[in-house]
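Okay, structure first, notes after.
The values are calculated or read from the model by the stated rules, or taken from the named source; none is laboratory data. Everything quoted here is computed from the prediction, not taken from an experiment. Backbone-built Cβ (ideal geometry, glycine too); neighbour counts: all protein chains shown. Accessible surface is based on the protein model in full, side chains and every heavy atom, while ligands, DNA and RNA are left aside. Shrake-Rupley method; radii C 1.70, N 1.55, O 1.52, S 1.80 Å.
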Amino acid sequence: MPIQFDVDPAVAQLAASTAEFVREVVIPAERECGGSVHDAPEDLRRTLQKAAREAGVFAPHVPTRWGGHGLDLRGQAVVFEAAGYSLLGPLALNCAAPDEGNMHLLEKLATEEQQQKYLRPLAAGDTRSCFAMTEPAPGAGADPRSLRTTATRVPGGWRIDGHKWFITGADGAGFAIVMARTSGSPGDPGGATMFLVDAGNPGMRIVRNIETLDESLFAGHSEIVFEECVVGEEQLLGVVDHGFEGAQIRLGPARMTHCMRWLGAARRAQDVALERAGSRMAFGSALGDLGMVQQMLADSEIDIEASRALILRTAWELDTGSAAASQLTSVSKTFVAEAVNRVVDRAVQICGALGISTADAPLARLYREVRPFRIYDGPSETHRFAIARRAVRPYRQPRNGAVDS
């Protein structure tokens, strides 16, 4: 089957409308708050999302049944990049992490009753959510098999006990999707199950909100303790002991949507650098006429174009259900995360003192935001391990008369 990169005219128009909305509405709001929304009021989110609805760009990823535009991943790639041009663009369109990934998971895995209770208000922007999997060491992090939070059967449901941290958007969320171990021991490859836990459950307690380098993910990142957190049987999401498999429904596409959004931030940084290179005079010429600056500008254009091509290729593989999608998802996540960092870093260098100013240009806050991307959704080192392991698998030789698996 030939790979199709053509952009549907309706998607192209939606992307153009999104770009205009971000320039006219969202970037002024970003400037006003300095891009920091860890402690921002709900009114900011609701105001931006109301404006996005009125502009016709709200929820591009959400199926039409739930009030969105129903774009596939290839369509999302174009629109999410336009949204990511501002740190608050994805929030305004209701396609920011973690809600965007949770919507996809609920649409694919939840029962009809669960979709009505959790997906409908989430897709409409009436509530927020979080995905609680990461734990403090020695618990689940880059290796989810280290999962230590447990869920034990009790009359009528389950009791969850454990400790989570770096749970994005937990403060003020209407519900959490919680990963807990229902069988096996930490280190075992299976035995995890996902549960829907409503806000207000007395067994779920936010210990603190963690101060972090990045500040643009709404409500920040929280540390949570689950103590005798009892949920009903109807709050089980997916199949018992198959939570890791179910989470892959979310994690693969979510890695790509992260890439799409951050590529928009890289494009913005490059635009700032290009404007500076064309207007700033030094050593008798414009910066853009100096060879070393030209090399940085060219390398950033290459990184942006290569990232966009990888994103579109991987989105096509995911849309078509290709067996190559897992490998390409890891390749894309690793390359784009590092390319985005390179582009923003070069832009800061080209702009000099202006680049590190927090008041006069957006580069300092973009720099702060993109660095954690090399860690979120799997650090680059973990993805490289997975990429190499998959690549070498067909070439492994039998050992001791048995085929190495």
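Things worth noting here:
- Residues within the stretch 265-292 that are open to solvent by 50 Å² or more (accessible area, probe 1.4 Å) and in contact with a Lys or Arg (Cβ under 6 Å, 6 or more places away or on another chain), tallied: 0
- Single match in D39, D43 (criterion: assigned to a loop (DSSP other than H, G, I, E, B) and charged (D, E, K, R)): D39
- Near pairs, Cβ below 6 angstrom, 6+ apart or cross-chain, from the stretch 338-357 (farther than 20 Å from M256 by Cβ) to any residue that is open to solvent by 30 Å² or more (accessible area, probe 1.4 Å) and aromatic (F, W, Y): V348/Y367
- In the stretch 322-365, the residues that are of a type in the set (D, E, K, R) and either farther than 22 Å from Q295 by Cα or open to solvent by less than 20 Å² (accessible area, probe 1.4 Å) (or both): K333, D360, R365
- Qualifying positions in the stretch 135-154 - over 9 Å from R181 (Cβ atoms) and open to solvent by 50 Å² or more (accessible area, probe 1.4 Å): A137, P138, A142, D143, R145, T152, R153
- Only residues that are under 18 Å from D99 (Cα atoms), in contact with a Phe, Trp or Tyr (Cβ under 7 Å, 6 or more places away or on another chain) and in a strand (DSSP E or B) were counted across the stretch 190-220, and they come to 4.
- Matching residues in the stretch 293-321 - criterion: being free of Cβ contacts under 8 Å to residues at least 40 places away in the same chain, more than 21 Å from the chain's Cα centre (by Cα) and surrounded by 15 or more Cβ atoms within 10 Å (Cβ to Cβ): none
- For the stretch 247-255, the condition holds for no residue, the condition being that it is over 15 Å from the mean Cα position of the chain (by Cα) and open to solvent by 10 Å² or more (accessible area, probe 1.4 Å).
- Residue pairs whose Cβ atoms lie under 8 Å apart, sitting 6 or more positions apart in sequence or on different chains, and linking a residue in the stretch 7-27 that is of a type in the set (S, T, Y) and part of a helix (DSSP H, G or I) to a partner that is open to solvent by less than 30 Å² (accessible area, probe 1.4 Å) and at pLDDT 95 or above, are S17/V57; T18/V57; T18/P60; T18/V79; T18/A82; T18/A83; T18/G89; T18/L93.
- Scan the stretch 193-220 for residues that are of a type in the set (F, W, Y) and open to solvent by 10 Å² or more (accessible area, probe 1.4 Å) and the total you get is 1.
Listed here are the residues, each with its yes/no results for (1) closer than 14 Å to A142 by Cβ; (2) at pLDDT 95 or above; (3) more than 21 Å from the chain's Cα centre (by Cα); (4) among the hydroxyl-bearing types (S, T, Y).
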site	(1), (2), (3), (4)
A323	no, no, yes, no
V331	no, yes, no, no
S357	no, no, yes, yes
D360	no, no, yes, no
L363	no, yes, no, no
Y367	no, yes, no, yes
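- Annotation: of all residues in the stretch 118-148 being among the charged types (D, E, K, R) and touching an Asp or Glu at 6+ places or on another chain (Cβ under 7 Å), the one that is modelled with the lowest pLDDT is R145.
- Breaking point among (1) without any contact (Cβ under 8 Å) to a residue 24 or more places away in the chain; (2) within 19 Å of V231 (Cβ to Cβ), for G141: (2)
- Figure legend. Inter-residue proximity from the stretch 200-214: first residues more than 19 Å from R128 (Cα to Cα), second residues assigned to a loop (DSSP other than H, G, I, E, B) and among the small types (G, A, S), beta-carbon distance below 9 Å, spacing 6+ or different chains. Indicated pairs: E211/G220; T212/G220; D214/G220.
- Within the option set E227, E223, being modelled with pLDDT of 95 or more, open to solvent by 50 Å² or more (accessible area, probe 1.4 Å), acidic (D, E) and in a strand (DSSP E or B) holds for one residue only, E227.
- Verdict on A110 being touching a strand residue (DSSP E or B) at 6+ places or on another chain (Cβ under 8 Å), within 18 Å of M204 (Cβ to Cβ) and aliphatic (A, V, I, L, M): no
- Residue selected from the stretch 6-30 under the condition within 22 Å of the chain's Cα centre (by Cα) and closer than 16 Å to T358 by Cα, by the criterion surrounded by the most Cβ atoms within 10 Å (Cβ to Cβ): E30
- One residue from A55, A59, A110 being open to solvent by less than 20 Å² (accessible area, probe 1.4 Å), under 17 Å from Q13 (Cβ atoms) and touching a helix residue (DSSP H, G or I) at 6+ places or on another chain (Cβ under 9 Å): A59
- Restricting attention to the stretch 155-173, the residues being open to solvent by less than 40 Å² (accessible area, probe 1.4 Å) and either β-branched (V, I, T) or within 19 Å of the chain's Cα centre (by Cα) (or both) number 7.
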